[in-house]
């Protein structure tokens with residue numbers, strides 16, 4: 001699924017939201033996960049719950065648990081007929097360098 005980014009910048013709960021240029025962003029369905037994952041350049045962060053969580057991969061071989069923020073984010077989806085939809089993801093795990101959103 002290709003997701004378009006949002007071009008805006010504003011303040012929310014004293015957190016500056018980044019400006020994004022229009023580009024295609026990939027999202028992958030992760031049917032084995034129990035929550036969504038978003039990154040800095042792949043989603044518009046609209047809320048930071050200020051409640052970090054410790055996450056790790058499905059296997060201990062992946063490495064140590066990492067502390068990550070819990071956020072709400074918005075993704076824009078453009079359907080084949082040209083209609084735009086805003087997908088709001090509540091309580092997603094925020095990994096700044098993540099280049100593909102997991103939903």
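A compact table of results
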item: Relative packing of 85-91, 36-42, which averages over residues the other C-beta atoms within 10 Å, highest first; result: 36-42, 85-91
item: Added length on full extension, which subtracts the Cα-Cα distance from 0.36 nm per residue, residue 50 to residue 29; result: 5.0 nm
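Bear in mind these aren't lab numbers, they're just calculated from the coordinates by the rules spelled out. Just so we're clear, the structure is a prediction, and the values are computed from it rather than from any experiment. Here Cβ is always computed from backbone atoms with ideal geometry, including for glycine, and neighbour counts include all displayed protein chains.
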